[in-house]
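Please read the structure below before turning to the comments.
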Amino acid sequence: LYNNIKFDHWDGSVSPEFNNFDDFKNIYKQNVDNYINYLYNKYDNRVLVLKGFRLAISFDDLNELYPQSKFILMVRDPRDAISSLLLQTEEHDIESALGVYIDHYYDTLTNLNNFNNILLVRYEQLLTNTEKVMQQLREFTGLSLDFDPTKKYWTGRKSDLGMKGELD
């Protein structure tokens, strides 16, 4: 799932074991199914939420494999996302971190209008207008979502939002 193999860029060179694209795609889907089923069973058959910016680069493929699914793409201000990436690893400088951000989000963000099963949520909007965003999430997913996501998890830069945070 995290290998970022894009179906629309497949040229037959992924592995010589595959005779054609359909063979490759079927094996890929079986692996993703196994991964999703493992997680689903591990967490007592609840609604499965996969979090990770690396999934954004695979959105087109995941949407093709699971067209009945709903996807929520949460994006942060690129400055915060890049700052976070720089804090997590020493292998990036600002330029390469920007490249990672663009590589992971560009295709999906520029094609949002082509999908009816994706909701774009801006992280900063979730913090500043929590109830409105939560209502959008409830309507989109059909879930009750009766919690405040800002109460437990936010520890980042709140000064831009008129709040006090750990990084201020």
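The values are calculated or read from the model by the stated rules, or taken from the named source; none is laboratory data. Computed from a predicted model, the values in this text were never measured in an experiment. Here the Cβ is made from the backbone with ideal geometry for all residues, glycine too, and neighbour counts use every protein chain on show. Just the protein is used for accessible areas: all its heavy atoms, side chains included, with ligands, DNA and RNA removed. Shrake-Rupley method; radii C 1.70, N 1.55, O 1.52, S 1.80 Å.
Rolling a 1.4 Å probe over the protein chains gives ASP77 an accessible area of about 40 Å².
With the whole protein complex present, LYS132 retains an accessible surface near 120 Å², based on a 1.4 Å probe. Could you tell me the calculated FRET efficiency between VAL32 and ARG138, based on Cβ-Cβ distance and R0 = 25 angstrom, to the nearest 0.05? My answer for the efficiency is 0.40.
Given a 1.4 Å probe and the protein chains as shown, ASP103 ends up with an accessible area of around 100 Å². Close amide H pairs (under 5 Å, H built 1.01 Å from N) link LEU119 with PHE71, ILE72, LEU73, residues at least 5 positions away or on another chain. Largest first, the residues PHE24, PHE147, PHE53 sort by 1.4 Å accessible area into PHE147, PHE53, PHE24.
The modelled label-to-label distance between TYR106 and GLU124, using points 7 Å beyond Cα along the C-beta direction, is 2.2 nm. Legend: residues ILE72, ILE118, ILE94, sorted from most to least accessible area (1.4 Å probe; ligands, DNA and RNA excluded), read ILE94, ILE72, ILE118.
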